[in-house]
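Structure, as structure tokens:
No value in this document is a laboratory result; all are computed from the given coordinates. Since the model is a prediction, treat every value here as computed from it, not as a measurement. Positions of Cβ are generated from backbone atoms using ideal geometry, with glycine treated the same way; all protein chains shown enter the neighbour counts.
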Amino acid sequence: MKSIQKTYNMKASEINKKWFIIDAEGKILGRLASEIAKLLRGKHKPDFTAHLDMGDNVIVINAEKVVLTGAKAQDKEYFRHSQYPGGIKFVNIRKFLNERPEFIIEHAVKNMLPKGRLGRKIFGNLKVYAGSEHPHQAQQPEPINIQQKI
């Protein structure tokens, strides 16, 4: 007789989280965001479980030095609406690069995560900083080098 192997399902108490640090200098925005989302979700782990927050914590530094390809620097706009008639607002990405560069990476990653409670919980594991300094030295983050083709 053949032995039957059962699929193992992880429990929340068995999850081991690590801290990673990524330098965004010279990286393409979309490719960087998809790698960050993969780390946050935990899809790089062999024991990935879809309904648990088993991803790692990610710190992104040098957010102001991220690269936009093509004509995105001139054409890309973010949309908001105040819920009042005529309350449409479009803001160019250049304004965010100058004032709040963290928002660009956060927005790109957030849209790549699942929607709902789990996605909001996972998004809390992302820390983005405009400069090269961050207050998470005590967690001893491992540097990750993301290779990208241009």
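Axis of helix 29-41 versus longest Cα principal axis of the chain: the two differ by about 30°, to the nearest ten degrees. The Cα center of the stretch 12-27 and the Cα center of the stretch 43-121 differ in position by 17 Å. With K and R counted +1 and D and E -1, the other residues having a Cβ less than 13 Å from that of Y129 yield a net charge of -3.
Oblate is the label for the stretch 18-144, because a/c, from the alpha-carbon gyration tensor with a ≥ b ≥ c as root eigenvalues, is 1.5 or above and a/b does not exceed b/c. Within the listed set H51, H107, H81, the Gaussian network model of the chain (springs between alpha-carbon atoms below 10 Å) gives the highest mean-square fluctuation for H81. Counting only DSSP beta bridges with both residues in the chain, the antiparallel share comes to about 30 percent. Computed over neighbours whose Cβ is under 12 Å from that of I21, the net charge equals -2, Lys and Arg +1, Asp and Glu -1.
Indicate the gyration tensor shape class of the stretch 45-107 (rounded, prolate or oblate), computed on the Cα atoms with a ≥ b ≥ c the square roots of the eigenvalues: a/c under 1.5 is rounded; otherwise a/b larger than b/c is prolate and the rest oblate. Here the stretch 45-107 falls in the oblate category.
For the Cα atoms of the chain, what angle does the longest principal axis make with the long axis of helix 101-110, in degrees from 0 to 90, nearest 10? Taking Cα atoms only, the helix is inclined about 40 degrees. Taking a ≥ b ≥ c as the square roots of the eigenvalues of the Cα gyration tensor of the stretch 91-150, is the shape rounded (a/c under 1.5), prolate (a/b larger than b/c) or oblate? Cα axes put the stretch 91-150 in the rounded bin. When +1 charges are put on Lys and Arg Cβ atoms and -1 charges on Asp and Glu Cβ atoms, the dipole computed for the stretch 18-144 relative to its Cα centre reaches about 520 debye. Here the simple spin-label model places points 7 Å from the Cα toward Cβ, and for D47 and K65 these points are separated by 3.7 nm.
Note on K27: lysines with a C-alpha under 23 Å away, same-chain residues under 8 apart excluded, are K18, K38, K43, K65, K72, K76, K95, K110, K127, K149.
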